[in-house]
Amino acid sequence: MSDKLQWGVIGTGRIARTFAQGLRHSRTGELAAIGSRSRQGALDFAHDFPATCHSSYEALLTDPRVQAVYISTPHPAHAEWAIRAAEAGKHVLCEKPLAMNFQEAQSIVDAARRQGVFLMEGFMYRCHPQTLRLVELIRQQTIGEVKLIRATFSFCCAFNPQDRLLNAELGGGGILDVGCYCVSMARLIAGAVSGKLFEEPLEIKGLGHIGATGVDEYAVASLKFPNAILAQIAAGVQLDLENNVRIVGSTGSILVPSPWIVGGEASAFSKILVFKSHIPEEIVIETDRGLYALEADHVAEQIAQGRTQSPLVSWDDSLGNMRALDLWRGEVAGVLP
Ligand SMILES: NC(=O)c1ccc[n+]([C@@H]2O[C@H](COP(=O)([O-])OP(=O)(O)OC[C@H]3O[C@@H](n4cnc5c(N)ncnc54)[C@H](OP(=O)(O)O)[C@@H]3O)[C@@H](O)[C@H]2O)c1
């Protein structure tokens, strides 16, 4: 048997395919099994990404070869399958948002703690060297005292009420789908200012537009952090925005043109722009693997070191993010955690 970490994938949708593609470039992991709600779903997936097929998620969890499970179902199913995976003794990488709300997220963390397995929320951008470099720039006070963080992640998907992005029963809406990144980034940067891994907001004010399917199609929020740091964030699934992060400090600013799907899915260059005068300094980051391969390798390294959580996305970090998302959703009429 290979000494690489053996992955089982739960769900066969868009991101499952992206992750399986990433695994092909991983140094440490390989796809062992795929679990779908249907035999055909597993077979179709395995046609492109050869692996043992399971016609149910339960069956995948009883596969002794599977060491780590990647959960890529719509958000409402994350809690059930993350908990069941942990109870089956599997390490867990669960897609973002970790759950539908704080309470569910807490149950997942409790299960991982009880079972002594690794658990990480799939914030892949946190595993990319670009994000690590950004944190370093903030810690080094490259732009002086940070005052404002602006983060946007919003796109306009085709209007299909059945799609998980717009379907309320499948956890649709922009706040959970992409607002989670903006909250996560703001908390990361505010934390870096005081040498912490993340910081919790003192206050969150939000507004949003609820569309015909009853989900938040686009939403904005203002956050106040300690150290006089403010954040403005925007997220949506029915609104095209320029998706970037700008951090304004007392002596300059930083622009991250591609903060989320960093460098695309394959190995690539990405850049951070630092403005201290009119001419920006360009910091180029090069990777030899794509974003999802880096994420899978990060998980495998943590597991190999006997860790149950990652310092890049710790359990408390995910719980804090979920708490903030609950507050934001609570502010947007009709969207209750
Ligand atoms: N980190 C990232 O870059 C990233 C990017 C996109 C999405 N995501 C996250 O990944 C998760 C999945 O997103 P996606 O875009 O891949 O979704 P998707 O294309 O709709 O696929 C979801 C898959 O989950 C399974 N599933 C289980 N219960 C389901 C249900 N009740 N209805 C529909 N499908 C169900 C299905 O697979 P089977 O039928 O085979 O069981 C389906 O193919 C979401 O939580 C999302 O936030 C993360």
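Laboratory data are not the source of any read-out in this text; all were calculated from the coordinates shown. Predicted model only: the values in this text are computed from it and were never measured. With ideal geometry, Cβ positions are generated from the backbone for all residues, glycine too; neighbour counts draw on all protein chains shown.
Which FRET efficiency, nearest 0.05, do residue 132 and residue 203 yield, Cβ-Cβ r, R0 30 Å? If you can, show how the numbers build up before the last one.
Values: r = 28 Å, r/R0 = 0.95.
For R0 = 30 Å, the calculated efficiency reads 0.60.
In debye, nearest 20: dipole of the range 234-337 around its Cα centre with unit charges on the Cβ of K, R (+) and D, E (-)?
For the range 234-337, the charge dipole is close to 260 debye.
Rounded to whole Hz and in sequence order, give me ³J(HN,Hα) for the range 281-289 from the Karplus expression 6.51 cos²θ - 1.76 cosθ + 1.60, θ = phi - 60°, writing x for Gly and Pro.
Couplings: 8, 9, 9, 9, 10, 10, 10, 9, 9 Hz.
With springs only between Cα atoms under 10 Å apart, run a GNM on the chain and tell me which of 244, 227, 101 wobbles the most.
Highest fluctuation among the options: 227.
Only Lys, Arg, Asp and Glu count, each charged at its Cβ (+1, +1, -1, -1), so figure out the dipole size of the chain about its Cα centre, rounded to 20 debye.
360 debye
Please go through the range 225-319 and write out the GluC sites (Glu not before Pro) that DSSP classes as loop and that have at most 13 other C-beta atoms within 10 Å.
Sparse-neighbourhood loop GluC sites (Glu not before Pro): 242.
For the range 181-195, just list the computed ³J(HN,Hα) in residue order, Karplus coefficients 6.51, -1.76 and 1.60, θ = phi - 60°, integers in Hz, with x standing in for Gly and Pro.
Listing the rounded values in order: 5, 5, 5, 4, 5, 4, 5, 5, 5, 4, x, 4, 4, 9, x Hz.
Please give the length that would be gained between residue 43 and residue 58 if that part of the chain were fully extended, namely 0.36 nm times their separation in residues minus their C-alpha to C-alpha distance (nm, one decimal).
This chain segment gains 3.8 nm when fully extended.
Between the helical axis of 102-115 and the dominant principal axis of the chain, each derived from Cα atoms, what acute angle in degrees is found, rounded to the nearest 10?
The angle comes out at about 50 degrees.
Note down the Stokes-Einstein diffusion coefficient of the range 5-123 in µm²/s, whole number, using a Kirkwood radius over alpha carbon pairs, 10 °C, and 1.306 mPa s.
Value of D from the Cα-based Kirkwood radius: 115 µm²/s.
Counting only helical runs of four or more DSSP H residues, what would the 222 nm mean residue ellipticity of the chain come to if each run contributes -39,500 (n - 2.57) and the total is spread over all its residues?
On the way: 9 runs with 105 residues, N = 337.
One gets -9500 deg cm²/dmol as the mean residue ellipticity at 222 nm.
Quick one: among 15, 149, 247, which has the greatest mean-square fluctuation in a GNM of the chain with alpha-carbon springs under 10 angstrom?
15
Once both axes come from the Cα atoms, what is the angle between helix 14-23 and the longest principal axis of the chain, in degrees from 0 to 90, rounded to 10?
So the inclination is approximately 80 degrees.
Between residue 65 and residue 251, what is the label-point separation in nm under the 7 Å Cα-to-beta-carbon projection?
In this crude label model, residue 251 to residue 65 measures out at 5.6 nm.
Could you please rank 298, 278, 47, placing first whichever residue has the fewest other Cβ atoms within 10 Å of its Cβ?
Going from least to most buried by this count: 278, 47, 298.
Could you work out, for the range 157-255, what percent of all Cα-Cα pairs fall into each 10 Å distance bin, beginning at 0 Å and stopping at the bin that holds the largest distance?
Pair shares across the bins are 15, 42, 27, 13, 2.
Once you have the Cα-Cα distance between residue 288 and residue 3, take 0.36 nm times their residue separation minus that, and quote the gain in nm to one decimal.
The residue 288-residue 3 span can extend by a further 100.4 nm.
Calculate the length of the line joining the C-alpha centroid of the range 262-303 to that of the range 89-117, in whole Å.
Each part's Cα centre sits 27 Å from the other's.
Which value, in nm² and rounded to one decimal, describes the direction-averaged projected area of the C-alpha convex hull of the chain?
Seen from a random direction, the Cα hull of the chain projects 16.0 nm² on average.
Residues of the range 65-89 with backbone nitrogen within less than 12 Å of a virtual label 7 Å along the Cα-to-Cβ line of residue 114, please, listed as ranges.
Under 12 Å, as judged by backbone N against the label point of residue 114, lie 83-89 of the range 65-89.
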